[in-house]
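Colleague: A single structure is presented below for examination.
The values are calculated or read from the model by the stated rules, or taken from the named source; none is laboratory data. Predicted model only: the values in this text are computed from it and were never measured. Glycine gets a Cβ as well: all are built from the backbone with ideal geometry, and neighbour counts include every protein chain shown.
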């Protein structure tokens with residue numbers, strides 16, 4: 001965060017740089033699909049030909065957390081998988097955003113049982129929730145737009161997550 | 001047929017009037033009398049037949065079925081928990097077998113008391129038993145004696161209970177809440193206590209203890 | 001209860017066994033144990049020699065692009081060769097069977113969708129067939145034919161996706177995109193009929209949700225025209241492809257004896273010569289009226305599994321053609337409204353229908369099979385033989401439902417197959433097995 005602290009303040013130059021950086025970030029989100037169950041299939045359908053997500057910039061789907069900035073948690077997360085999810089979340093570099101796709105990731109969904117985590121937002125911070133079981137690919141695209149709106153409202157000097 | 005009298009001397013399939021049962025099942029008829037006498041009961045429903053025995057008699061029957069009667073395909077091993085119901089034992093271990101040439105499905109239900117240490121394993125007869133026995137152990141706590149690798153399969157290794165027992169509540173005993181909240185603060189990731197979440201009680205999905213716990217934990221609504 | 005119940009008596013064979021706790025160590029030391037004795041007490045392995053220092057324990061999953069679903073493979077590798085393999089599953093365990101004990105028979109249909117999520121209709125149908133056998137009822141012929149058509153469409157979607165993912169794992173990414181486009185064609189029909197693309201919850205015990213829309217026949221015939229050329233295109237792309245063939249031929253060979261002993265069924269079993277097909281052997285839903293072949297291969301390697309799936313797609317198309325040609329008309333739910341809901345118009349006007357509706361919808365009344373009855377019923381899912389073991393205790397919730405998952409038994413043999421091979425071969429084998437984690441872990 002060196003550049004922003006050097007320039008500092010809310011002058012004309014910093015807002016323009018803000019806009020430029022946010023424009024670049026939101027139109028080139030690199031998703032990290034964390035697909036476990038049925039929602040993963042709809043996520044794959046979103047990445048495929050008919051509901052193309054790469055029209056909106058999110059084309060580079062890398063399965064490594066170190067190179068991505070949008071974590072899409074799709075599918076049900078159970079007891080054994082939660083530490084894995086947290087580890088992947090920690091490995092992603094800042095700034096990062098999380099989409100919780102589907103009912104199971106957002107709130108436990110149909111399954112209120114002994115192994116299901118009733119919403120990943122208890123254990124990692126989530127930015128956008130997508131309802132549906134599974135959500136249609138258009139809903140996931142809408143979620144990506146929401147994330148883009150969030151990204152375009154970011155400010156460089158205050159940092160994403162505050163102090 | 002009751003199990004305290006030895007089987008009659010008449011050969012199987014004899015349709016004499018003294019025999020009250022119809023012709024016995026071909027699989028049962030082909031079992032040697034020593035093994036066949038251990039069968040407690042034979043039930044038919046919906047076109048399917050199953051035999052009921054007690055543990056550990058099922059091992060001898062399964063060996064015979066595998067080698068002499070050519071049941072080469074073990075479809076499944078599972079268990080049923082009858083806690084609270086009026087049955088002779090608590091558990092029943094179920095084996096589902098299939099014979100390919102004449103497409104015959106049979107089942108073997110073996111009553112298993114709670115106090116019995118272990119059940120003989122059938123891993124040397126069919127390899128598909130390896131994972132089914134592991135899973136039955138994981139879900140019910142039944143130990144299969146002779147399985148070379150009896151660890152938990154679906155639950156984490158240190159999970160404290162056996163989920164499919166009837167006295168384990170559906171929503172668990174709080175194991176699903178024991179994770180920290182990982183969030184970034186400044187330049188690093190910190191761990192906090194997890195956020196509370198709203199609890200709803202579904203029909204029949206709770207035990208009395210869980211209801212009390214929920215009422216203790218839930219906050220009063222703001223006006 | 002025995003306090004030692006559930007404690008494993010087998011030695012801990014995991015790649016990284018937990019170290020003994022400090023307290024046990026101190027206790028042993030205070031008893032005067034020496035180094036050698038400690039090693040035998042805690043079963044610590046011997047120090048590895050120079051040669052063994054080349055061995056590396058590699059973790060493959062549970063989050064990895066090449067794993068289908070959340071599976072964890074732990075390989076001990078020496079260079080590129082896998083010396084020992086172990087798997088860990090359970091990363092998607094949801095407790096379906098426990099849920100069944102708290103839901104009624106009709107409510108649990110929604111849960112069955114989420115098992116094999118690529119072909120949800122097959123799971124719905126399998127469960128409905130099981131409970132109908134338990135109750136001893138038979139659904140009308142139109143319902144049977146419609147269930148067959150939708151199951152076969154769903155099976156085509158599943159096999160197409162399997163082949164696409166197998167190709168993607170081996171590098172042919174465009175084939176996966178084509179496969180997804182074909183799957184979208186199947187989704188269009190399923191959405192028009194069931195209302196949802198993926199998790200359909202379409203069947204009910206005693207019938208199906210509702211009858212098909214008026215343009216159903218047109219849609220299906222259009223699909224039957226458009227599909228075969230695309231299918232031929234994918235088949236041509238892969239079967240003459242030198243790279244694909246070299247990577248999958250001779251890899252992961254399972255012979256018939258092993259396949260029988262390990263309980264493999266479905267396309268994977270038939271690719272190894274196990275001649276089992278529930279649709280032919282124990283016909284359900286009127287499958288005996290349709291004339292179809294059951295393809296079988298005998299080489300048992302990944303190439304055979306690929307060919308088997310492609311052949312099965314063609315047979316499914318044949319079944320759909322025959323079923324559409326002979327589709328009877330009539331009701332789609334079992335007429336005795338003890339299991340399925342009567343029509344809304346009848347509920348509003350007729351007293352008896354109102355009573356049936358009330359009893360089916362209010363909890364505690366519903367479908368109640370005989371006490372003590374149990375049934376094991378199997379259907380042919382795209383992955384193999386899907387079995388449901390339903391035990392009833394006379395009330396409206398089952399006592400126990402056990403799902404016999406085909407992927408579970410298909411995957412159990414995987415560690416044996418990869419030992420001795422290379423890491424890239426393990427990817428080829430895993431993608432040809434196409435385990436679906438939702439079904440594996442339930």
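Colleague: What single numbered condition from (1) at pLDDT below 85; (2) in contact with a strand residue (DSSP E or B) (Cβ under 7 Å, 6 or more places away or on another chain); (3) surrounded by fewer than 19 Cβ atoms within 10 Å (Cβ to Cβ) fails to hold for residue B:177?
Modeller: (2)
Colleague: Mind checking whether some residue in segment C:79-90 is crowded, with 22+ Cβ neighbours inside 10 Å, more than 25 Å from residue C:167 (Cβ to Cβ) and at the interface with another protein chain (Cβ under 7 Å from one of its Cβ atoms)?
Modeller: Scanning segment C:79-90, I find at least one residue that is crowded, with 22+ Cβ neighbours inside 10 Å, more than 25 Å from residue C:167 (Cβ to Cβ) and at the interface with another protein chain (Cβ under 7 Å from one of its Cβ atoms), so the answer is yes.
Colleague: Looking at segment B:183-198, can you tell me whether even one residue there is facing chain A (nearest Cβ under 10 Å), closer than 21 Å to residue C:101 by Cα and over 18 Å from the mean Cα position of the chain (by Cα)?
Modeller: no
Colleague: Tally time: how many residues in segment C:237-258 are assigned to a helix (DSSP H, G or I) and more than 14 Å from chain B (Cβ to nearest Cβ)? Show your work before the answer.
Modeller: At the first step, the residues of segment C:237-258 found to be assigned to a helix (DSSP H, G or I) are C:237-239, C:242-248, C:256-258.
Retained after the next criterion (residues that are more than 14 Å from chain B (Cβ to nearest Cβ)): C:237-239, C:242-248.
Number satisfying all stated conditions: 10.
Colleague: Of the numbered conditions (1) touching a helix residue (DSSP H, G or I) at 6+ places or on another chain (Cβ under 8 Å); (2) closer than 30 Å to residue C:274 by Cβ, residue B:140 fails exactly one; give the number of that condition.
Modeller: It is condition (1) that residue B:140 fails.
Colleague: Another question, then. Are any residues in segment A:30-51 assigned to a loop (DSSP other than H, G, I, E, B), out of contact with any helix residue (DSSP H, G or I) (no Cβ under 6 Å at 6 or more places or on another chain) and surrounded by 22 or more Cβ atoms within 10 Å (Cβ to Cβ), and if so, which ones?
Modeller: Result: A:36, single match.
Colleague: Restricting attention to segment C:111-139, report how many residues are part of a loop (DSSP other than H, G, I, E, B) and either surrounded by 24 or more Cβ atoms within 10 Å (Cβ to Cβ) or under 17 Å from the mean Cα position of the chain (by Cα) (or both). Let's see the steps before the verdict.
Modeller: So the first thing to find is which residues in segment C:111-139 are part of a loop (DSSP other than H, G, I, E, B), and the list is C:113-119, C:136-139.
From what is left, the residues that are either surrounded by 24 or more Cβ atoms within 10 Å (Cβ to Cβ) or under 17 Å from the mean Cα position of the chain (by Cα) (or both) are C:113-119, C:139.
The qualifying residues number 8.
Colleague: Quick one: count up the residues across segment C:91-110 that are outside any helix (DSSP H, G or I), at the interface with chain A (Cβ under 9 Å from one of its Cβ atoms) and closer than 16 Å to residue C:203 by Cα.
Modeller: Number of matching residues: 0.
Colleague: Same structure again: Tell me which residues, restricted to segment B:105-137, are in contact with a helix residue (DSSP H, G or I) (Cβ under 7 Å, 6 or more places away or on another chain) and either more than 8 Å from chain C (Cβ to nearest Cβ) or farther than 22 Å from residue B:157 by Cβ (or both). Talk me through it step by step, then tell me what you get.
Modeller: Initially, segment B:105-137 is screened for residues in contact with a helix residue (DSSP H, G or I) (Cβ under 7 Å, 6 or more places away or on another chain), giving B:106, B:108, B:110, B:120-123, B:125-128, B:130-131.
Scanning segment B:105-137 gives B:106, B:108, B:110, B:120, B:121, B:122, B:123, B:125, B:126, B:127, B:128.
Colleague: Could you say which residue among C:353, C:407, C:424, C:392 is surrounded by 24 or more Cβ atoms within 10 Å (Cβ to Cβ) and more than 20 Å from residue C:274 (Cβ to Cβ)?
Modeller: Working: C:353 fails: surrounded by 24 or more Cβ atoms within 10 Å (Cβ to Cβ); C:407 fails: more than 20 Å from residue C:274 (Cβ to Cβ); C:424 fails: surrounded by 24 or more Cβ atoms within 10 Å (Cβ to Cβ).
The conditions single out C:392.
Colleague: Further question: Anything in segment C:302-315 that is within 14 Å of residue C:433 (Cα to Cα) and out of contact with any helix residue (DSSP H, G or I) (no Cβ under 7 Å at 6 or more places or on another chain)? List them, or say none.
Modeller: Passing the criteria: only C:307.
Colleague: Give A:150, A:117, A:99 a once-over and let me know the one that is in contact with a helix residue (DSSP H, G or I) (Cβ under 6 Å, 6 or more places away or on another chain) and more than 23 Å from residue A:50 (Cβ to Cβ).
Modeller: On the way: A:150 fails: in contact with a helix residue (DSSP H, G or I) (Cβ under 6 Å, 6 or more places away or on another chain); A:99 fails: more than 23 Å from residue A:50 (Cβ to Cβ).
Going through A:150, A:117, A:99 in turn, just one is in contact with a helix residue (DSSP H, G or I) (Cβ under 6 Å, 6 or more places away or on another chain) and more than 23 Å from residue A:50 (Cβ to Cβ): A:117.
Colleague: Need a quick list: helices (runs of 4 or more DSSP H) entirely within segment A:52-163 having at least 2 residues that are crowded, with 16+ Cβ neighbours inside 10 Å and within 14 Å of chain B (Cβ to nearest Cβ).
Modeller: On the way: elements: A:82-91, A:103-107, A:137-152.
Answer list for segment A:52-163: A:82-91, A:103-107.
Colleague: Residues that are in a loop (DSSP other than H, G, I, E, B), away from chain A (no Cβ under 14 Å) and on the phi > 0 side of the Ramachandran plot: does segment C:155-178 have at least one?
Modeller: Keep residues of segment C:155-178 that are in a loop (DSSP other than H, G, I, E, B), which gives C:170-172.
Now narrow it down to the ones that are away from chain A (no Cβ under 14 Å): C:170-172.
With the extra rule that they be on the phi > 0 side of the Ramachandran plot, the set shrinks to C:171.
Looking for residues that are in a loop (DSSP other than H, G, I, E, B), away from chain A (no Cβ under 14 Å) and on the phi > 0 side of the Ramachandran plot, one finds at least one in segment C:155-178, hence yes.
Colleague: Being on the phi > 0 side of the Ramachandran plot and under 17 Å from the mean Cα position of the chain (by Cα) is the filter; apply it to segment C:252-308 and report the residue that is surrounded by the fewest Cβ atoms within 10 Å (Cβ to Cβ). Steps first, answer last, please.
Modeller: Of all residues in segment C:252-308, those on the phi > 0 side of the Ramachandran plot come to C:252, C:263, C:266, C:273, C:285-286, C:300.
Those left that are additionally under 17 Å from the mean Cα position of the chain (by Cα): C:263, C:266.
On the way: C:263: 29, C:266: 25.
Checked segment C:252-308; the qualifying residue surrounded by the fewest Cβ atoms within 10 Å (Cβ to Cβ) is C:266.
Colleague: May I ask you to list the residues in segment B:58-93 that are more than 11 Å from every other protein chain (Cβ to nearest Cβ), outside any loop (DSSP other than H, G, I, E, B) and out of contact with any strand residue (DSSP E or B) (no Cβ under 7 Å at 6 or more places or on another chain)?
Modeller: B:60, B:63, B:64, B:67, listed by residue number.
Colleague: Follow-up. For segment B:138-157, name all the residues that are more than 7 Å from every other protein chain (Cβ to nearest Cβ) and closer than 16 Å to residue C:400 by Cβ.
Modeller: B:138, B:139, B:140, B:142
Colleague: Residue C:69 - would you say it is facing chain A (nearest Cβ under 10 Å), at pLDDT below 85, crowded, with 21+ Cβ neighbours inside 10 Å and touching a helix residue (DSSP H, G or I) at 6+ places or on another chain (Cβ under 8 Å)? Give the steps one after another, and end with the answer.
Modeller: Working: facing chain A (nearest Cβ under 10 Å): yes; at pLDDT below 85: yes; crowded, with 21+ Cβ neighbours inside 10 Å: yes; touching a helix residue (DSSP H, G or I) at 6+ places or on another chain (Cβ under 8 Å): yes.
Criteria met by residue C:69.
Colleague: If residue C:210 satisfies every condition in (1) surrounded by fewer than 16 Cβ atoms within 10 Å (Cβ to Cβ); (2) touching a residue at least 60 places away in the same chain (Cβ under 8 Å); (3) within 13 Å of another protein chain (Cβ to nearest Cβ) but one, which is the exception?
Modeller: For residue C:210, the failing item is (3).
Colleague: Which residue, of B:169, B:160, is at pLDDT 85 or above and more than 8 Å from chain A (Cβ to nearest Cβ)? Talk me through it step by step, then tell me what you get.
Modeller: On the way: B:169 fails: more than 8 Å from chain A (Cβ to nearest Cβ).
Criteria check complete, one pass: B:160.
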